[in-house]
Amino acid sequence: MPPQLSVIILCLVLSALRISADALTNIHNTKRNLGRHYLHFLKEPSKTYYAIHKHQLSVDGGWYRFRFNHVNQSANTKFHFTTHDLTIITITDCFCEGDGFTVYDNRLEILDAHSNCGVKNTTECRYFQRNPEYCLKSHHFCSRSGFLLPGFHDLVVRTMNSPYLAGTAFIKLERVCTLIGSLVPCCQSDMSCSKKIHFV
């Protein structure tokens, strides 16, 4: 074989080896970056799966159905609205029992809907129910109500208990009246409370 041809073949072999080495390095770096991304994905599921958005609530507009996230994380929907009268806010777990929440208004805690209520430490979903009126009255589900003064409100729902790691709950607002010496939703006086369900 001529010396010149041997040199050319040797150069081609060395170039192929160098390209292979560079390709292996790129593959290794890609796997390492994907691994880091995957670990980030596992550690922060709420940022991966949920994008928080705002939704306006209407007083006496019925129930608003919303999704919530893992324990110690905020629901994917924030609620904002303005009231001109004293208002009752009500929140209830539903579907599968065992979930509980804390509700914040303008960053101040206003409702504890997770302590001493509902069924705890279960993943059996034994009392499945999709009707918020039923869930509100059932001792199997955590529910709470409280009063809101007139003004602007910015609500955040934080998950405190969630054996299923995520789920669905309901929230509603109702104007308050005095009936036989008690503060109750005005719609109760003429049985006109809305049972409409809004999906947010």
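The values are calculated or read from the model by the stated rules, or taken from the named source; none is laboratory data. Keep in mind that this is a model prediction, so the values were computed, not measured. Methodologically, a virtual Cβ is constructed for each residue, glycine included, from the backbone with ideal geometry; neighbour enumeration extends over all protein chains shown.
Just a few scattered comments:
- Failed item in (1) part of a strand (DSSP E or B); (2) surrounded by 18 or more Cβ atoms within 10 Å (Cβ to Cβ); (3) not charged (D, E, K, R), with GLY98 passing the rest: (1)
- Residue check for VAL103: touching a Leu at 6+ places or on another chain (Cβ under 7 Å) and aliphatic (A, V, I, L, M): yes
- Counting the residues of region 115-146 that are closer than 17 Å to PHE170 by Cα and either among the aromatic types (Phe, Trp, Tyr) or modelled with pLDDT of 85 or more (or both) gives 20.
- Only one of ASP93, ASP60 that is charged (D, E, K, R), at pLDDT 95 or above and either exposed (fewer than 13 other Cβ atoms within 10 Å of the Cβ) or under 12 Å from ILE171 (Cβ atoms) (or both): ASP93
- Close pairs from region 160-183: first over 30 Å from ASN121 (Cβ atoms), partner among the β-branched types (Val, Ile, Thr) and in a loop (DSSP other than H, G, I, E, B), Cβ under 9 Å, at least 6 apart: LEU173/VAL59; GLU174/VAL59; ARG175/VAL59
- Qualifying residue in region 118-131 (condition: outside any loop (DSSP other than H, G, I, E, B), out of contact with any helix residue (DSSP H, G or I) (no Cβ under 9 Å at 6 or more places or on another chain), touching a residue at least 12 places away in the same chain (Cβ under 8 Å) and surrounded by 14 or more Cβ atoms within 10 Å (Cβ to Cβ)): no
- Breaking point among (1) crowded, with 19+ Cβ neighbours inside 10 Å; (2) within 16 Å of GLU109 (Cα to Cα), for SER145: (1)
- Residues in region 163-183 that are hydrophobic (A, V, I, L, M, F, W, C) and exposed (fewer than 15 other Cβ atoms within 10 Å of the Cβ) were compared, and the one that is nearest to ALA113 (Cα to Cα) is LEU165.
- Selection from region 167-194 of residues that are in a strand (DSSP E or B) and among the acidic types (Asp, Glu): GLU174
- Failed criterion for THR82 (all others in (1) within 17 Å of HIS198 (Cβ to Cβ); (2) modelled with pLDDT of 95 or more; (3) touching a Phe, Trp or Tyr at 6+ places or on another chain (Cβ under 8 Å) hold): (1)
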